[in-house]
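Scroll down for the structure; my scribbles are underneath it.
The values are calculated or read from the model by the stated rules, or taken from the named source; none is laboratory data. Since we're looking at a predicted model, the values are computed, not measured. Cβ: placed from backbone, ideal geometry, glycine included. Neighbour counts: every protein chain shown.
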Ligand code: ADP
Ligand code: MG
Ligand code: MG
């Protein structure tokens, strides 16, 4: 088996299409090398070796070593150097690289190959002892941390002590002797902590490095990242070994990262940061503050230090040209890592650039206009879930605000929450239902769970490409990074700016689009959608086959949803209307009624109110389908549960407290989810069904009489038997006849059923004899199919995901094998009985892209979701059609 793929010198064994085998980094290094870009030579050990490694008790295939040796020798030839040669040593980096990039998840070891002999060789060759010792001490530090598992801060402490003893502030102020002394101290620390020496044999170093990358695939933070991003654990990582190039060889050397377009806005210019005389991780680690690549960005930020375009114009031009070449080659915006060694530019990585939703839209539309991609590709380039970012409110510019601190606008959007200072605390409070903002000096991969739980992130240190910034953008969390004057005190659980202290739990507001943190709560306003948004949505609409409806209970929701492009209401919940104003009084009288007459009296009160609601919704929807679900929840949900409330309610209802309590007790259910709800209420109290049907039908007649078209659809919930549906349908038809007699006409209306019980799904063929439409209530269908109570599932379903038993929470994304199959069966049987039947989905899943794909596959007519998810669903439906 070929386990090792070489690249460099204008050639490569692999290419960009081999990302599964070579990982994203390795595949793209190969591609860049073969299209003639300056890539330091190296080789990739495949992901299959990783799989082998875990399947065989952490052992390698027997023929791997020979292949690695040959590849090392080959890259040495290209570089004119040799690993471990004291006179002419080759130094390498060992880099991980999974199929998809996992920022900060896997660690890289730089400068591997240094030992007491080779460091002397480097000194002779470069005539630069400081550089040699700086490289060596970095290597010992990184290797000890990444491969040997020692704590990073133990080394930082030694450096701090050295700087203090010398009375200097910056690493760069340490000279060769200082760095040599550091190296010796570092190695002594390793001996002390591990009871064995730091490896000086380059062979051991190399295999230690390779083993560490493979092992890191299973480390906790990598697993967390995979779980959050739904990356299968069996993909494995590749290892890249690459000849080192040095950005820390003086003032004509540098290192940096760049995006071919601005990842926050999508604007077309080289965007990024660089550091002169620095190596690799210095840029992302947030230790020194990097400078912008382009002059334009420096000017916008008001920076004093020169941009790369100004300081190194020739290098800038070269980088720009390479960026253009890569964009045209991949037909996609690229995120590149580069290093300049003494005036020569080297490319170390390229990949599709992560971007905000706003940038994604602009870039997709621009690339179509530039002729690089077509509309179908553009539609596939934007992650539907990311649109959420755009659809949510931003800070109201006119609202009064008290500025607390400013930093970089690292990830757009606004958020309000309680300040918390540790990831664990953030997660805990968020689980208890609090909105939190995670505030850290800087974030690291250990903080991922807290960043995920938080509404927004603030850091005191770090640039636009710091860990916090990159991860926040990826997750769609607003982030303000690098607030220079912010002091975070983890012990006291507080932060300070000057003398203004904010303690844990105090509310702050952040604006990630402007890079500002405010004290307290600042009011928000609704988003304005740009031209790019509408353009992409139009393209999506021209591609998709599924219609997109919305779940809306009020005319306001209906209006919002229509402005987002909803083509109907897939679920209008009538019970929500029961809580409006003092209607609840009549609702309670209806529930507490002892006789049918009493109940009808109370219902007569409710009728005009419900009718009025429906009329308004019909007017807003102007002829689009409106699916109204009859009363669904168990009646005790409308009764008081607290002692203090009984008195008032009893008085309102005109009965004694004792009677009220007794009634409440009889309505108590052990398992309300499976209790007296839905059509079961209609079986017991047909007059409720009749009132609601009358409200709908009268409203439809009235609005039609105004000259507005109406498409009213009455939906029966929790149906298991056809007999239940028939009973409801008979009541509704009877009401319709009465209305016809009274008003002289019958409006346009349909009767249909929800499919939310397995029995209903299986009996769909029979139900379709009566039902003119089906709507999958996938929340209940998931509960009843999996036998998991949705309200109790949170804590234990997390364990399922942590243990890798389930990739997705079935309440977020439809369980395709179980619930999905029932849906497919129901759709098929329903259509067999009634070919023209309309079938859709109105559960929470209707706005989930993965579930929408399933709905398209099983041939549904529409999905219905909450108003803000409508654009998400439109785009997801288009992607499902491609
Ligand atoms: P990550 O996946 O975390 O980005 P990388 O493998 O890309 O890790 O390495 C991080 C950084 O280390 C790179 O951006 C680059 O600056 C530096 N680096 C890696 N390999 C080399 C190399 N061969 N020569 C110089 N710098 C390197
Ligand atoms: Mg890294
Ligand atoms: Mg990288």
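The number of residues in the range 353-369 being more than 17 Å from residue 529 (Cα to Cα) and under 17 Å from the mean Cα position of the chain (by Cα) comes to 3.
Residue-by-condition table, conditions (1) under 25 Å from the mean Cα position of the chain (by Cα); (2) surrounded by 17 or more Cβ atoms within 10 Å (Cβ to Cβ); (3) in a strand (DSSP E or B):
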site	(1), (2), (3)
558	no, yes, no
565	yes, yes, no
587	no, yes, no
598	no, no, no
603	no, yes, no
618	no, yes, no
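If you take just the helices (runs of 4 or more DSSP H) that sit entirely in the range 345-392, which of them hold at least 3 residues that are within 16 Å of ligand 3 (Cβ to nearest atom), under 25 Å from residue 19 (Cα atoms) and touching a helix residue (DSSP H, G or I) at 6+ places or on another chain (Cβ under 6 Å)? No helices (runs of 4 or more DSSP H) qualify here. Which of the residues belonging to the range 43-74 are farther than 23 Å from residue 216 by Cβ and touching a strand residue (DSSP E or B) at 6+ places or on another chain (Cβ under 7 Å)? If the condition is that a residue be farther than 23 Å from residue 216 by Cβ and touching a strand residue (DSSP E or B) at 6+ places or on another chain (Cβ under 7 Å), then 74 is the only one that fits.
When restricted to residues that are more than 16 Å from ligand 1 (Cβ to nearest atom) and more than 21 Å from residue 98 (Cβ to Cβ), the range 7-58 contains 6.
Taking the criterion of being at pLDDT 95 or above, part of a loop (DSSP other than H, G, I, E, B) and in contact with a strand residue (DSSP E or B) (Cβ under 8 Å, 6 or more places away or on another chain), would at least one residue in the range 316-333 satisfy it? Yes, some residue in the range 316-333 is at pLDDT 95 or above, part of a loop (DSSP other than H, G, I, E, B) and in contact with a strand residue (DSSP E or B) (Cβ under 8 Å, 6 or more places away or on another chain).
In the range 107-120, is there at least one residue being more than 27 Å from residue 197 (Cα to Cα) and either away from ligand 1 (no atom under 16 Å from the Cβ) or not assigned by TED's automatic domain parsing to the domain that holds residue 349 (or both)?
At the first step, the residues of the range 107-120 found to be more than 27 Å from residue 197 (Cα to Cα) are none.
For the range 107-120, residues more than 27 Å from residue 197 (Cα to Cα) and either away from ligand 1 (no atom under 16 Å from the Cβ) or not assigned by TED's automatic domain parsing to the domain that holds residue 349 (or both): absent.
Just so you know, in the range 101-135 the residues that are at pLDDT 95 or above and assigned to a loop (DSSP other than H, G, I, E, B) include one that is nearest to residue 23 (Cα to Cα), and it is 113.
Select from the range 352-370 the residues that are in contact with a strand residue (DSSP E or B) (Cβ under 8 Å, 6 or more places away or on another chain) and at pLDDT 95 or above and list them in ascending order. Selection gives nothing. Among the residues making up the range 537-553, those that are within 24 Å of the chain's Cα centre (by Cα) and part of a strand (DSSP E or B) are 548, 549, 550, 551. The single residue among 36, 76, 24 that is assigned to a helix (DSSP H, G or I) and more than 16 Å from ligand 2 (Cβ to nearest atom) turns out to be 76. If you go through the range 79-116 and keep only what is away from ligand 2 (no atom under 16 Å from the Cβ), more than 25 Å from residue 144 (Cβ to Cβ) and touching a residue at least 24 places away in the same chain (Cβ under 8 Å), you end up with 79, 87, 88, 99.
Within the range 409-425, being in a strand (DSSP E or B) and surrounded by fewer than 24 Cβ atoms within 10 Å (Cβ to Cβ) holds for 409, 414, 416, 417, 418.
When the range 120-158 is filtered for residues that are touching a strand residue (DSSP E or B) at 6+ places or on another chain (Cβ under 8 Å), surrounded by fewer than 23 Cβ atoms within 10 Å (Cβ to Cβ) and under 15 Å from residue 185 (Cβ atoms), nothing remains.
Counting only residues that are within 16 Å of ligand 3 (Cβ to nearest atom), modelled with pLDDT under 90, in a loop (DSSP other than H, G, I, E, B) and more than 15 Å from residue 349 (Cα to Cα), how many does the range 246-288 have? So the count comes out to 2. Close contacts from the range 327-350, counting a first residue that is farther than 16 Å from residue 282 by Cβ and not assigned by TED's automatic domain parsing to the domain that holds residue 290 and a second that is within 16 Å of ligand 2 (Cβ to nearest atom) and in a strand (DSSP E or B), with Cβ to Cβ under 9 Å and a gap of 6+ residues or different chains, come to none at all.
Residue 94 versus (1) under 39 Å from the mean Cα position of the chain (by Cα); (2) more than 16 Å from ligand 3 (Cβ to nearest atom); (3) outside any loop (DSSP other than H, G, I, E, B): which is the lone unmet condition? Evaluating residue 94 over (1) under 39 Å from the mean Cα position of the chain (by Cα); (2) more than 16 Å from ligand 3 (Cβ to nearest atom); (3) outside any loop (DSSP other than H, G, I, E, B) leaves (2) as the failure.
As a summary of the residue check, residue 223 satisfies the conditions (1) out of contact with any helix residue (DSSP H, G or I) (no Cβ under 7 Å at 6 or more places or on another chain); (2) surrounded by 23 or more Cβ atoms within 10 Å (Cβ to Cβ); (3) within 30 Å of residue 813 (Cα to Cα) except for the one numbered (2).
I'm checking my understanding of the structure. Among residues of the range 193-208 that are under 20 Å from residue 133 (Cα atoms) and in contact with a helix residue (DSSP H, G or I) (Cβ under 9 Å, 6 or more places away or on another chain), which one is surrounded by the fewest Cβ atoms within 10 Å (Cβ to Cβ)? Even if it seems obvious, please write down each step before you answer.
First, pick out the residues of the range 193-208 that are under 20 Å from residue 133 (Cα atoms): 197-202, 205-206.
After this cut, where a residue has to be in contact with a helix residue (DSSP H, G or I) (Cβ under 9 Å, 6 or more places away or on another chain) as well, the list is 197-200, 202, 205-206.
Details: 197: 10, 198: 20, 199: 17, 200: 14, 202: 23, 205: 24, 206: 22.
Here the residue is 197.
Which members of the range 236-252 meet the condition of being farther than 29 Å from residue 18 by Cα and either within 16 Å of ligand 2 (Cβ to nearest atom) or surrounded by 24 or more Cβ atoms within 10 Å (Cβ to Cβ) (or both)?
From the range 236-252, those farther than 29 Å from residue 18 by Cα are 247-252; that's our starting set.
Passing the criteria: 247, 248.
Only one of the numbered conditions (1) at pLDDT below 95; (2) farther than 13 Å from residue 50 by Cβ is not met by residue 243, and that is (1).
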